[in-house]
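The values are calculated or read from the model by the stated rules, or taken from the named source; none is laboratory data. Not measured: the values here are computed from a predicted model.
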């Protein structure tokens, strides 16, 4: 029994690599044959086009007559702790 264990330990890489390669090749070909081609939604349009559409929708959804007063100073934080506010101010740079 010991000679078999020594042989298996010594030549395990030479035996298992072709076996694993064969099983992987068979599995790859089976998956390639039966798998349906996937359509990726993010590849239909470019990043620039999606950004332009998003900006256009955002611009059209806001009311251009609703302008904040300069007295409110909405974009200027009162303190440095107010730079990372919660999501209440969506269009703020801070």
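A few remarks follow.
- Test: residue in the range 20-35 that is under 29 Å from the mean Cα position of the chain (by Cα), assigned to a loop (DSSP other than H, G, I, E, B) and at pLDDT 75 or above: yes
- Unmet criterion (only one of (1) on the phi < 0 side of the Ramachandran plot; (2) assigned to a loop (DSSP other than H, G, I, E, B)) for residue 73: (1)
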